[in-house]
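Quick notes on the structure that follows.
The values are calculated or read from the model by the stated rules, or taken from the named source; none is laboratory data. From a predicted model like this one, the values you see are computed outputs, not experimental measurements. Please note: Cβ atoms are built from the backbone with ideal geometry, for glycine as well, and neighbour counts cover all protein chains shown.
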Amino acid sequence: MRVDGREFILVGTAHISRESTDLVRRVIENERPDCVCVELDAQRFEALSQKKRWKNLDLKQVIRDKQLSALLANLLLASFQRKLGGDLGVTPGTELLEATITADELDIPVALCDRDVRVTLRRAWASMSLWNKSKLMGTLAVSVFERPEIDENELRKLRDQDVLSELMNELGEELPGLKRVLIDERDSFLTQKIKQVEGDRIVAVVGAGHVRGMQAALREQRDIDIDEINTIPPVRSFYKWLAWSIPALILGALMFIGLTKGAAVAGENALFWVIANGIPTTIGAALALSHPITIACAFFVAPVTSLIPVIGAGYVLSFLQAWLLPPTVSEFESVADDVGTFRRWWKSRLLRIFLVFILTTFGSMIGTWVGGLEIFSNLL
(Lines give C-alpha, C1' and ligand atoms only; values in the text may rest on other atoms or scores of the structure.)
Protein backbone atom coordinates (compact mmCIF):
# COMPACT_ATOMS: atom_id res chain seq x y z
CA MET A 1 0.00 0.00 0.00
CA ARG A 2 1.12 3.57 -0.70
CA VAL A 3 1.32 6.23 2.03
CA ASP A 4 2.68 9.75 1.41
CA GLY A 5 4.42 8.66 -1.77
CA ARG A 6 6.08 5.64 -0.12
CA GLU A 7 5.22 2.01 -0.76
CA PHE A 8 4.88 -0.43 2.14
CA ILE A 9 4.68 -4.15 1.31
CA LEU A 10 3.49 -6.14 4.33
CA VAL A 11 4.31 -9.85 4.16
CA GLY A 12 2.17 -11.78 6.66
CA THR A 13 3.69 -15.07 7.73
CA ALA A 14 3.18 -18.03 10.06
CA HIS A 15 6.24 -18.39 12.27
CA ILE A 16 6.35 -22.18 11.88
CA SER A 17 5.69 -22.47 8.15
CA ARG A 18 8.13 -23.61 5.47
CA GLU A 19 5.86 -22.00 2.88
CA SER A 20 6.27 -18.63 4.64
CA THR A 21 10.05 -18.98 4.49
CA ASP A 22 9.93 -19.50 0.73
CA LEU A 23 7.45 -16.63 0.32
CA VAL A 24 9.66 -14.17 2.19
CA ARG A 25 12.71 -14.91 0.03
CA ARG A 26 10.65 -14.70 -3.17
CA VAL A 27 9.07 -11.32 -2.27
CA ILE A 28 12.38 -9.71 -1.30
CA GLU A 29 14.15 -10.98 -4.42
CA ASN A 30 11.32 -9.80 -6.69
CA GLU A 31 10.65 -6.42 -5.04
CA ARG A 32 14.27 -5.40 -4.27
CA PRO A 33 13.12 -2.84 -1.63
CA ASP A 34 15.17 -0.01 -0.12
CA CYS A 35 14.89 -1.64 3.32
CA VAL A 36 13.63 -4.90 4.83
CA CYS A 37 11.88 -4.62 8.20
CA VAL A 38 11.36 -7.72 10.34
CA GLU A 39 9.23 -8.45 13.39
CA LEU A 40 12.25 -8.98 15.64
CA ASP A 41 13.98 -7.10 18.42
CA ALA A 42 17.71 -7.33 19.07
CA GLN A 43 17.32 -10.06 21.71
CA ARG A 44 15.15 -12.35 19.57
CA PHE A 45 17.35 -11.77 16.52
CA GLU A 46 20.38 -12.84 18.53
CA ALA A 47 18.48 -15.89 19.78
CA LEU A 48 17.66 -16.96 16.22
CA SER A 49 21.01 -16.20 14.64
CA GLN A 50 23.46 -17.29 17.33
CA LYS A 51 23.35 -20.94 18.34
CA LYS A 52 25.59 -20.39 21.37
CA ARG A 53 23.58 -17.47 22.76
CA TRP A 54 22.83 -19.25 26.05
CA LYS A 55 26.46 -18.89 27.13
CA ASN A 56 25.73 -15.19 27.66
CA LEU A 57 22.61 -15.69 29.79
CA ASP A 58 23.18 -14.94 33.46
CA LEU A 59 20.46 -16.97 35.14
CA LYS A 60 21.35 -15.64 38.58
CA GLN A 61 20.82 -12.09 37.32
CA VAL A 62 17.45 -13.12 35.86
CA ILE A 63 16.46 -14.36 39.33
CA ARG A 64 17.77 -11.20 41.01
CA ASP A 65 15.69 -9.09 38.62
CA LYS A 66 12.62 -11.21 39.44
CA GLN A 67 12.19 -12.20 35.80
CA LEU A 68 12.11 -15.97 36.34
CA SER A 69 8.34 -16.21 35.85
CA ALA A 70 8.52 -14.17 32.62
CA LEU A 71 11.35 -16.37 31.36
CA LEU A 72 9.33 -19.48 32.17
CA ALA A 73 6.29 -18.18 30.26
CA ASN A 74 8.54 -17.41 27.30
CA LEU A 75 10.02 -20.92 27.40
CA LEU A 76 6.56 -22.54 27.55
CA LEU A 77 5.45 -20.56 24.51
CA ALA A 78 8.70 -21.32 22.66
CA SER A 79 8.30 -25.02 23.45
CA PHE A 80 4.77 -25.09 22.03
CA GLN A 81 5.88 -23.26 18.87
CA ARG A 82 8.88 -25.54 18.44
CA LYS A 83 6.64 -28.59 18.80
CA LEU A 84 4.39 -27.32 16.02
CA GLY A 85 7.36 -26.37 13.86
CA GLY A 86 9.06 -29.71 14.51
CA ASP A 87 6.17 -31.56 12.91
CA LEU A 88 6.74 -29.50 9.77
CA GLY A 89 10.54 -29.58 9.88
CA VAL A 90 10.77 -25.84 10.52
CA THR A 91 12.34 -23.90 13.40
CA PRO A 92 9.97 -21.17 14.71
CA GLY A 93 10.98 -17.77 13.35
CA THR A 94 12.90 -19.23 10.40
CA GLU A 95 11.10 -16.97 7.93
CA LEU A 96 12.19 -13.87 9.89
CA LEU A 97 15.79 -15.01 9.88
CA GLU A 98 15.45 -15.87 6.17
CA ALA A 99 14.36 -12.28 5.51
CA THR A 100 17.57 -10.93 7.08
CA ILE A 101 19.73 -13.45 5.22
CA THR A 102 18.11 -12.68 1.86
CA ALA A 103 18.43 -8.92 2.42
CA ASP A 104 22.09 -9.33 3.36
CA GLU A 105 22.76 -11.35 0.21
CA LEU A 106 21.20 -8.57 -1.89
CA ASP A 107 22.96 -5.82 0.10
CA ILE A 108 19.65 -4.39 1.35
CA PRO A 109 19.55 -2.69 4.79
CA VAL A 110 17.67 -4.58 7.53
CA ALA A 111 15.71 -2.94 10.35
CA LEU A 112 14.68 -4.79 13.53
CA CYS A 113 11.29 -3.20 14.19
CA ASP A 114 9.70 -5.10 17.07
CA ARG A 115 9.50 -3.94 20.67
CA ASP A 116 11.97 -5.42 23.16
CA VAL A 117 10.48 -8.79 24.11
CA ARG A 118 11.24 -8.12 27.79
CA VAL A 119 9.13 -4.95 27.71
CA THR A 120 6.31 -6.80 25.95
CA LEU A 121 6.34 -9.64 28.49
CA ARG A 122 6.36 -7.33 31.50
CA ARG A 123 3.62 -5.10 30.08
CA ALA A 124 1.58 -8.20 29.25
CA TRP A 125 2.04 -9.57 32.76
CA ALA A 126 1.08 -6.24 34.33
CA SER A 127 -2.05 -6.01 32.16
CA MET A 128 -3.65 -9.14 33.61
CA SER A 129 -5.45 -9.85 36.86
CA LEU A 130 -4.18 -12.58 39.17
CA TRP A 131 -6.92 -14.92 37.92
CA ASN A 132 -6.05 -14.31 34.26
CA LYS A 133 -2.36 -14.81 35.01
CA SER A 134 -3.14 -18.18 36.58
CA LYS A 135 -5.41 -19.11 33.67
CA LEU A 136 -2.76 -18.17 31.11
CA MET A 137 0.04 -20.06 32.86
CA GLY A 138 -2.22 -23.10 33.20
CA THR A 139 -3.16 -22.97 29.51
CA LEU A 140 0.49 -22.66 28.47
CA ALA A 141 1.53 -25.51 30.77
CA VAL A 142 -1.17 -27.82 29.41
CA SER A 143 -0.39 -26.90 25.80
CA VAL A 144 3.26 -27.86 26.27
CA PHE A 145 2.36 -31.49 26.96
CA GLU A 146 -0.21 -31.73 24.17
CA ARG A 147 0.67 -33.30 20.83
CA PRO A 148 -0.95 -31.01 18.26
CA GLU A 149 -1.17 -32.06 14.63
CA ILE A 150 -0.99 -29.32 12.04
CA ASP A 151 0.04 -29.14 8.40
CA GLU A 152 0.77 -26.46 5.82
CA ASN A 153 -2.84 -26.44 4.61
CA GLU A 154 -4.09 -25.55 8.09
CA LEU A 155 -1.38 -22.90 8.43
CA ARG A 156 -2.47 -21.45 5.10
CA LYS A 157 -6.01 -21.15 6.49
CA LEU A 158 -4.69 -19.43 9.63
CA ARG A 159 -3.01 -16.82 7.46
CA ASP A 160 -6.38 -15.91 5.99
CA GLN A 161 -7.41 -12.48 7.28
CA ASP A 162 -10.98 -13.46 8.22
CA VAL A 163 -9.81 -16.43 10.29
CA LEU A 164 -7.17 -14.33 12.04
CA SER A 165 -9.66 -11.56 12.79
CA GLU A 166 -11.92 -14.10 14.46
CA LEU A 167 -9.02 -15.48 16.51
CA MET A 168 -7.98 -11.98 17.58
CA ASN A 169 -11.54 -11.13 18.59
CA GLU A 170 -11.75 -14.29 20.69
CA LEU A 171 -8.48 -13.42 22.43
CA GLY A 172 -9.79 -9.90 23.06
CA GLU A 173 -12.93 -11.27 24.70
CA GLU A 174 -11.08 -13.76 26.92
CA LEU A 175 -8.01 -11.68 27.82
CA PRO A 176 -8.50 -8.08 26.63
CA GLY A 177 -5.41 -6.76 28.41
CA LEU A 178 -3.20 -9.42 26.92
CA LYS A 179 -4.55 -8.87 23.41
CA ARG A 180 -4.00 -5.12 23.73
CA VAL A 181 -0.33 -5.58 24.68
CA LEU A 182 0.60 -8.49 22.43
CA ILE A 183 -1.32 -7.44 19.32
CA ASP A 184 -2.66 -3.87 19.34
CA GLU A 185 0.35 -2.16 20.91
CA ARG A 186 2.77 -4.08 18.75
CA ASP A 187 0.73 -3.24 15.65
CA SER A 188 1.28 0.41 16.53
CA PHE A 189 4.93 -0.08 17.47
CA LEU A 190 5.77 -1.99 14.27
CA THR A 191 3.92 0.55 12.13
CA GLN A 192 5.77 3.49 13.65
CA LYS A 193 9.11 1.73 13.28
CA ILE A 194 8.66 0.90 9.59
CA LYS A 195 7.59 4.50 8.94
CA GLN A 196 10.85 5.70 10.50
CA VAL A 197 13.18 3.71 8.22
CA GLU A 198 14.71 5.36 5.17
CA GLY A 199 13.60 4.52 1.65
CA ASP A 200 10.58 4.80 -0.62
CA ARG A 201 9.96 1.08 -1.00
CA ILE A 202 9.77 -0.97 2.19
CA VAL A 203 9.12 -4.69 2.71
CA ALA A 204 7.98 -5.57 6.25
CA VAL A 205 7.96 -9.24 7.29
CA VAL A 206 5.57 -9.71 10.23
CA GLY A 207 3.29 -12.34 11.72
CA ALA A 208 0.02 -12.56 9.79
CA GLY A 209 -1.91 -11.53 12.91
CA HIS A 210 -0.37 -8.05 12.71
CA VAL A 211 -1.11 -7.29 9.05
CA ARG A 212 -4.67 -5.99 9.38
CA GLY A 213 -3.86 -3.73 12.35
CA MET A 214 -0.76 -2.34 10.64
CA GLN A 215 -2.66 -1.68 7.43
CA ALA A 216 -5.26 0.30 9.39
CA ALA A 217 -2.58 2.29 11.22
CA LEU A 218 -0.82 3.13 7.95
CA ARG A 219 -4.04 4.00 6.17
CA GLU A 220 -5.24 6.28 8.97
CA GLN A 221 -1.72 7.77 9.39
CA ARG A 222 -2.02 7.59 13.16
CA ASP A 223 0.25 9.71 15.31
CA ILE A 224 1.72 7.02 17.58
CA ASP A 225 3.57 7.88 20.79
CA ILE A 226 6.11 5.07 20.72
CA ASP A 227 7.63 5.99 24.09
CA GLU A 228 4.29 5.54 25.84
CA ILE A 229 3.98 1.90 24.74
CA ASN A 230 7.67 1.16 25.23
CA THR A 231 7.83 1.64 28.99
CA ILE A 232 7.33 -0.85 31.80
CA PRO A 233 4.42 0.25 34.00
CA PRO A 234 5.26 0.65 37.70
CA VAL A 235 3.63 -1.57 40.29
CA ARG A 236 0.37 0.00 41.44
CA SER A 237 0.42 1.59 44.88
CA PHE A 238 -2.57 -0.54 45.91
CA TYR A 239 -0.60 -3.76 45.40
CA LYS A 240 2.40 -2.37 47.28
CA TRP A 241 0.21 -1.47 50.25
CA LEU A 242 -1.51 -4.85 50.08
CA ALA A 243 1.80 -6.70 49.96
CA TRP A 244 3.11 -4.91 53.04
CA SER A 245 -0.20 -4.93 54.94
CA ILE A 246 -0.23 -8.73 55.44
CA PRO A 247 3.16 -8.97 57.23
CA ALA A 248 2.37 -5.76 59.11
CA LEU A 249 -0.90 -7.24 60.38
CA ILE A 250 0.78 -10.52 61.38
CA LEU A 251 3.60 -8.79 63.27
CA GLY A 252 1.07 -6.43 64.87
CA ALA A 253 -1.09 -9.37 65.90
CA LEU A 254 1.89 -11.13 67.51
CA MET A 255 2.77 -7.98 69.45
CA PHE A 256 -0.83 -7.53 70.60
CA ILE A 257 -1.02 -11.18 71.70
CA GLY A 258 2.19 -10.68 73.65
CA LEU A 259 0.82 -7.59 75.39
CA THR A 260 -2.60 -9.07 76.21
CA LYS A 261 -1.91 -12.78 76.69
CA GLY A 262 1.74 -12.88 77.59
CA ALA A 263 5.07 -13.56 75.90
CA ALA A 264 4.67 -17.33 76.16
CA VAL A 265 1.47 -17.33 74.08
CA ALA A 266 3.03 -14.94 71.57
CA GLY A 267 6.02 -17.26 71.35
CA GLU A 268 3.77 -20.24 70.66
CA ASN A 269 2.08 -18.33 67.84
CA ALA A 270 5.42 -17.25 66.42
CA LEU A 271 6.61 -20.86 66.50
CA PHE A 272 3.44 -21.95 64.71
CA TRP A 273 4.17 -19.30 62.04
CA VAL A 274 7.66 -20.73 61.52
CA ILE A 275 6.40 -24.32 61.30
CA ALA A 276 3.41 -23.45 59.09
CA ASN A 277 5.68 -21.66 56.62
CA GLY A 278 8.68 -23.93 56.88
CA ILE A 279 7.05 -27.33 56.38
CA PRO A 280 5.14 -26.78 53.08
CA THR A 281 8.03 -24.82 51.60
CA THR A 282 10.46 -27.58 52.55
CA ILE A 283 8.10 -30.15 51.05
CA GLY A 284 8.02 -28.08 47.86
CA ALA A 285 11.82 -28.02 47.69
CA ALA A 286 11.94 -31.77 48.30
CA LEU A 287 9.33 -32.47 45.59
CA ALA A 288 11.51 -30.51 43.16
CA LEU A 289 14.42 -32.85 44.05
CA SER A 290 16.51 -29.81 44.83
CA HIS A 291 19.93 -29.84 46.45
CA PRO A 292 19.92 -31.03 50.12
CA ILE A 293 21.17 -27.61 51.24
CA THR A 294 18.29 -25.94 49.38
CA ILE A 295 15.82 -28.27 51.10
CA ALA A 296 17.35 -27.56 54.51
CA CYS A 297 17.38 -23.80 53.96
CA ALA A 298 13.76 -23.78 52.77
CA PHE A 299 12.49 -24.33 56.33
CA PHE A 300 14.30 -21.22 57.61
CA VAL A 301 13.93 -19.01 54.55
CA ALA A 302 10.13 -19.21 54.19
CA PRO A 303 9.08 -17.76 57.59
CA VAL A 304 11.34 -14.73 57.02
CA THR A 305 10.60 -14.03 53.34
CA SER A 306 6.85 -14.32 53.99
CA LEU A 307 7.21 -11.17 56.10
CA ILE A 308 9.27 -9.32 53.46
CA PRO A 309 7.20 -8.88 50.25
CA VAL A 310 10.16 -7.74 48.15
CA ILE A 311 11.96 -11.08 48.69
CA GLY A 312 9.99 -14.21 47.86
CA ALA A 313 11.00 -17.65 49.11
CA GLY A 314 10.86 -19.00 45.56
CA TYR A 315 13.38 -16.46 44.29
CA VAL A 316 15.78 -16.97 47.21
CA LEU A 317 15.70 -20.75 46.97
CA SER A 318 15.89 -20.88 43.17
CA PHE A 319 18.92 -18.59 43.33
CA LEU A 320 20.50 -20.91 45.91
CA GLN A 321 19.71 -23.93 43.72
CA ALA A 322 21.29 -22.23 40.68
CA TRP A 323 24.41 -21.48 42.74
CA LEU A 324 24.69 -25.01 44.14
CA LEU A 325 23.86 -26.88 40.90
CA PRO A 326 24.38 -24.50 37.95
CA PRO A 327 22.80 -25.70 34.69
CA THR A 328 24.97 -26.70 31.76
CA VAL A 329 25.08 -24.89 28.41
CA SER A 330 23.60 -27.95 26.68
CA GLU A 331 20.55 -27.76 28.97
CA PHE A 332 19.96 -24.15 27.93
CA GLU A 333 20.19 -25.12 24.28
CA SER A 334 17.69 -27.98 24.63
CA VAL A 335 15.34 -26.38 27.15
CA ALA A 336 12.60 -25.55 24.61
CA ASP A 337 12.42 -29.28 23.81
CA ASP A 338 12.94 -30.52 27.37
CA VAL A 339 10.16 -28.37 28.81
CA GLY A 340 7.59 -30.37 26.83
CA THR A 341 8.69 -33.68 28.38
CA PHE A 342 7.33 -34.20 31.89
CA ARG A 343 10.20 -36.30 33.30
CA ARG A 344 12.83 -33.86 32.02
CA TRP A 345 11.68 -31.27 34.57
CA TRP A 346 13.35 -33.37 37.27
CA LYS A 347 16.35 -34.53 35.23
CA SER A 348 17.42 -31.13 33.87
CA ARG A 349 19.26 -28.88 36.33
CA LEU A 350 17.82 -25.85 34.54
CA LEU A 351 14.20 -26.97 34.71
CA ARG A 352 14.71 -28.09 38.30
CA ILE A 353 15.48 -24.45 39.16
CA PHE A 354 12.06 -23.51 37.77
CA LEU A 355 10.50 -26.34 39.78
CA VAL A 356 12.15 -25.04 42.95
CA PHE A 357 10.77 -21.58 42.20
CA ILE A 358 7.22 -22.80 41.51
CA LEU A 359 6.84 -25.39 44.26
CA THR A 360 8.52 -23.40 47.06
CA THR A 361 6.54 -20.28 46.14
CA PHE A 362 3.34 -22.32 46.32
CA GLY A 363 4.43 -23.85 49.65
CA SER A 364 5.23 -20.43 51.08
CA MET A 365 1.81 -19.12 50.02
CA ILE A 366 0.10 -22.02 51.80
CA GLY A 367 2.19 -21.42 54.92
CA THR A 368 1.39 -17.71 54.97
CA TRP A 369 -2.35 -18.30 54.87
CA VAL A 370 -2.32 -21.17 57.38
CA GLY A 371 -0.02 -19.34 59.79
CA GLY A 372 -1.84 -16.04 59.40
CA LEU A 373 -5.27 -17.55 60.00
CA GLU A 374 -4.04 -19.32 63.14
CA ILE A 375 -2.54 -16.14 64.57
CA PHE A 376 -5.63 -14.07 63.84
CA SER A 377 -7.92 -16.73 65.29
CA ASN A 378 -5.91 -16.63 68.53
CA LEU A 379 -6.02 -12.85 68.47
CA LEU A 380 -9.82 -12.90 68.34
Exercise. (1) at pLDDT 85 or above; (2) under 24 Å from the mean Cα position of the chain (by Cα): which one isn't true of residue 68, the others all being true?
Worked result: (1)
For this session: Just name the residue that is nearest to residue 113 (Cα to Cα) out of those in the stretch 230-279 that are under 38 Å from the mean Cα position of the chain (by Cα) and outside any helix (DSSP H, G or I).
Result: 231
Exercise. What pairs come up if the first residue lies in the stretch 302-328 and is in contact (Cβ under 8 Å) with a residue 24 or more places away in the chain and at negative phi, the second is in a loop (DSSP other than H, G, I, E, B) and of a type in the set (A, V, I, L, M), and their beta carbons are under 7 Å apart, counting only those six or more places apart or on different chains?
Worked result: 305/311
Exercise. Any idea which residue in the stretch 184-228 is surrounded by the most Cβ atoms within 10 Å (Cβ to Cβ), counting only those that are basic (Lys, Arg) and under 26 Å from residue 127 (Cα atoms)?
Worked result: 186
Exercise. Do you know which of the residues in the stretch 1-48 that are of a type in the set (Gly, Ala, Ser) and under 14 Å from residue 205 (Cα atoms) is surrounded by the fewest Cβ atoms within 10 Å (Cβ to Cβ)?
Worked result: 12
Seminar exercise, completed: Filtering helices (runs of 4 or more DSSP H) wholly in the stretch 301-361 for at least 3 residues that are of a type outside the set (Asp, Glu) and closer than 20 Å to residue 274 by Cα gives 313-324
